[in-house]
């Protein structure tokens, strides 16, 4: 599994963005089994740092769920 996170930050408007690319590579052959790009924005319930962190955690959880769903 290779995951490249291109952007994972709180934006000036308070929204949180996670942009990543991932691929599952067969260990022996080097063949890419599956791959995808992830790009989502989450809006925290308010502008506090605590809620920005919660929004970031939610995006990471969503990314891992998408990856898990695509693994054969």
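We did not get these values from a lab; they are worked out from the coordinates using the rules stated. The structure presented is a predicted model; accordingly, all values stated were derived computationally and were not measured. Glycine gets a Cβ as well: all are built from the backbone with ideal geometry, and neighbour counts include every protein chain shown.
Here are a few things to note about the model shown:
- Leading residue by the ranking (farthest from residue 61 (Cα to Cα)) among those in segment 12-50 that are in contact with a strand residue (DSSP E or B) (Cβ under 8 Å, 6 or more places away or on another chain) and without any contact (Cβ under 8 Å) to a residue 12 or more places away in the chain: 31
- Counted residues, segment 14-43 - those being within 15 Å of residue 72 (Cα to Cα) and assigned to a strand (DSSP E or B): 9
- Across segment 51-60, the number of residues qualifying as without any contact (Cβ under 8 Å) to a residue 24 or more places away in the chain and either surrounded by 13 or more Cβ atoms within 10 Å (Cβ to Cβ) or on the phi > 0 side of the Ramachandran plot (or both) comes to 4.
- Look at (1) in contact with a helix residue (DSSP H, G or I) (Cβ under 9 Å, 6 or more places away or on another chain); (2) on the phi < 0 side of the Ramachandran plot; (3) outside any strand (DSSP E or B) and you find that residue 63 fails only one, number (1).
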